[in-house]
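Student: Would you mind keeping the following structure in view while I ask a few things?
Values in this text are rule-based calculations from the coordinates and carry no lab data. The structure displayed is predicted, hence computed values, not measured ones. FYI the Cβ positions are ideal-geometry reconstructions off the backbone, even for glycines, and counts take in every protein chain you see.
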Amino acid sequence: MEMTLRWYGSKHDSVTLEQIRQIPGVTGVITTLYDSMPGEAWSEEDIAAMIAEVEAAGLHVSGIESVNIHDAIKIGLPERETYIDNYITTLERLGKAGIHMVCYNFMPVFDWTRTELARRRPDGSTVLAYTQEAVDAIKPEEMFASIGKDTNGFVMPGWEPERMARVKELFAMYRDVDDEKLFANLKYFLERIMPVCDKYDINMAIHPDDPAWSVFGLPRIIINKKNILRMMEMVDNPHNGVTFCSGSYGTNLENDLPDMIRSLKGRIHFAHVRNLKFNSPTDFEEAAHLSSDGTFDMYEIMKALYEIGFDGPIRPDHGRMIWGEVAMPGYGLYDRALGAAYLNGLWEAIVKSEERK
Ligand code: DNO
C-alpha cells in the first residue's frame, strides 16, 4: 500500500504540499481539479499543471478524488451520452498523464451527509457527526443552511453552494429513479467507460454512499456487501473496483468491515481508513483513528487489507479539528497526520509479525 493524503489544491486547501511532504511515510497525494464541474472534460494543460505542482514538492499524484459524475448520467437522461463522452476524454487524458486510479461516487443529489460539522468531544476537539433524528427533522433544502455556518469558510466537496441552491430541482429530477434504475444507470456508465480504463489501466474506485442508507428518500445503492458484490459482478472487469471507506460502510453497524474487505479481494483500488464512535445506531461522530477512541477495530481492518494483498493508495480520512487549527471540516493537517502515522504503525506491525512468523 502507499500512504497518501487528500489535497484540494493550493487555491482551496489550508494544508500545503510542503507540510504533507513532512508527514512520515506519506509519499503521494490524492487530488482533483476542484474547480471543474461534473460533466466537463478536463484539459491536458490543467492535468499537467496539477501533476507538475505536486511533483515539484517531492510528492506524486497517487490518484484522483474525484472525477464527479453528472446527474444526467445517474438519472439516465438522453444528455448522458455527451457527459459520458466527456468523462471518457478526462480518463484518457489522465491515463496518458500516468494517473491510474479514479475515485467517484454515484450518490444522488447529496454526496456524504453529516448533520454537524463541529460537534465538541470531551477532549475539546471538534468532529463531524450525524444523527438520523436531525435529518428526519428537516427538509433537504434546509440541510445546507443548517450546516453551512460551520464550514470555516471552505467549500465542502459535494456541498458546493451552487449545487445546494438547486436541491429542490435535483430532487424533482430524481423522482422516478429507484435503486434498480440507479443500478442500471451505473452499469450503463461503467460499460461505456471500461474500454478506456482497459486501454490506460485506470482503476475506477466507487466510493460508498455515506451514510450507508437512503437519506431523504433518495435511492442509495453502494451501501453493503450484497450490493457491492452485485456491482462487481454486473460489470465483471478488474478495473471496476471500489474505494473501501471504513467510515462510510461502517455507518451501518451490520456491515462487517473486515469480511467485506476480504470479499472484495482484487477489487479494492483505494482505501479510506477511519474510525467512528457510535452513541446509538443512528448517532455517530468521527473519532480519532485509534481503535480505542471509537467503535471499530482498526487493526482488524488493516489486517484484512494486508491479507488480500492490497497494494493501492490508502489515506487517513476525516480528522478531528485539534490544536486550534482552522481548516475544511474533516480535512485539517494535524489529526490526519496523526491518522497516517497510526495507520503506518499498524501496517508495519502487521507486515513484520506476518513475515517473522
Ligand atoms: C468525503 C469524501 C467524499 C468522497 C466522494 C468520492 O469527505 O469521502 O466526498 O470524496 O464521495 O466521490
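Student: Below 21 Å, Cα to Cα, which lysines can Lys96 reach? Residues fewer than 8 away in the same chain don't count.
Tutor: Lys199
Student: State log₁₀ I(q)/I(0) for the range 103-153 at q = 0.13, 0.15, 0.23, 0.30 Å⁻¹ as given by the Debye formula over alpha-carbon point scatterers of equal weight, solvent excluded.
Tutor: -0.37, -0.48, -0.97, -1.22
Student: Starting from the amide H of Leu276, placed 1.01 Å from N in the peptide plane, find each other amide H under 5 Å away whose residue is 5 or more places distant or on another chain.
Tutor: Residues meeting the amide H criterion: Ala287, Thr295, Phe296.
Student: In the range 85-216, what percentage of the DSSP-assigned beta bridges are antiparallel, given to the nearest 5?
Tutor: 40
Student: Among Ser36, Ser353, which comes first, then next, by fewest other beta-carbon atoms within 10 Å?
Tutor: If I rank by nearby Cβ atoms, fewest first, I get Ser353, Ser36.
Student: Now, a different point. What net charge is computed for the residues neighbouring Thr282, neighbours being all others with C-beta under 11 Å from the C-beta of Thr282, Lys and Arg scored +1, Asp and Glu -1?
Tutor: Net charge in that neighbourhood comes out at -3.
Student: If the elastic network links every pair of Cα atoms under 10 Å, which of Gly95, Gly309, Gly324 fluctuates the most in the Gaussian network model of the chain?
Tutor: So, out of Gly95, Gly309, Gly324, the one fluctuating most is Gly324.
Student: Does the range 171-322 come out rounded, prolate or oblate, given a ≥ b ≥ c as the square roots of the eigenvalues of its C-alpha gyration tensor, rounded meaning a/c under 1.5 and, failing that, prolate meaning a/b above b/c? Intermediate values should be presented prior to the final figure.
Tutor: Numbers: a/c = 2.08, a/b = 1.24, b/c = 1.68.
Oblate is the answer for the range 171-322, as a/c is 1.5 or above yet b/c matches or exceeds a/b.
Student: What trypsin sites (Lys or Arg not before Pro) in the range 1-64 are in a loop by DSSP, with at most 14 other Cβ atoms within 10 Å of the Cβ?
Tutor: Lys11
Student: Which whole-Hz ³J(HN,Hα) couplings does the range 281-288 yield from phi under the Karplus relation 6.51 cos²θ - 1.76 cosθ + 1.60, θ = phi - 60°, glycine and proline marked x?
Tutor: x, 10, 9, 9, 9, 8, 6, 5
Student: Over the Cα atoms of the chain, compute the convex hull volume and normalise it per residue, giving Å³.
Tutor: 129
Student: Right, next: Gaussian network model of the chain, Cα springs within a sub-10 Å range: biggest mean-square fluctuation belongs to which of Ser43, Ser14, Ser66?
Tutor: Ser43
Student: If the elastic network links every pair of Cα atoms under 10 Å, which of Pro258, Pro211, Pro313 fluctuates the most in the Gaussian network model of the chain?
Tutor: In this elastic network of the chain, the residue with the biggest mean-square fluctuation among Pro258, Pro211, Pro313 is Pro258.
Student: Something else: With the contact rule set at Cα under 8 Å and sequence spacing of 6 or more, what percent relative contact order holds for the range 162-296?
Tutor: Values: 183 pairs, mean separation 26.8, N = 135.
For the range 162-296, the relative contact order is 20 percent.
Student: With runs of 4+ DSSP H residues as the only contributors, calculate the mean residue ellipticity of the chain at 222 nm using -39,500 (n - 2.57) per run, divided by the residue total and rounded to the nearest 500. Kindly include the intermediate steps, with their values, before the conclusion.
Tutor: Details: 14 runs with 141 residues, N = 357.
For the chain, the value works out to -11500 deg cm²/dmol.
Student: Okay, moving on. Alpha carbons only, please: Rg and Dmax for the range 281-333, in angstrom.
Tutor: Gyration radius and largest Cα-Cα distance of the range 281-333: 13.5, 39 Å.
Student: Oh, and also: Once you wrap a convex hull around the alpha carbon atoms of the range 113-191, what is its projected area averaged over all directions, in nm²?
Tutor: 7.3
Student: Per-residue HN-Hα couplings for the range 146-158, Karplus 6.51 cos²θ - 1.76 cosθ + 1.60 at θ = phi - 60°, whole Hz, x for Gly and Pro?
Tutor: 6, 10, x, 5, 9, 7, 6, x, 9, 8, 7, x, x
Student: Just to confirm my numbers, what's the Cα centroid distance between the range 210-260 and the range 284-330 in Å?
Tutor: Cα centres, the range 210-260 to the range 284-330: 18 Å.
Student: Give me the distance in nm between label points sitting 7 Å out from Cα along the Cα-to-Cβ direction at His12 and Glu79, one decimal.
Tutor: Each label point lies 7 Å from its Cα, and together they span 2.1 nm.
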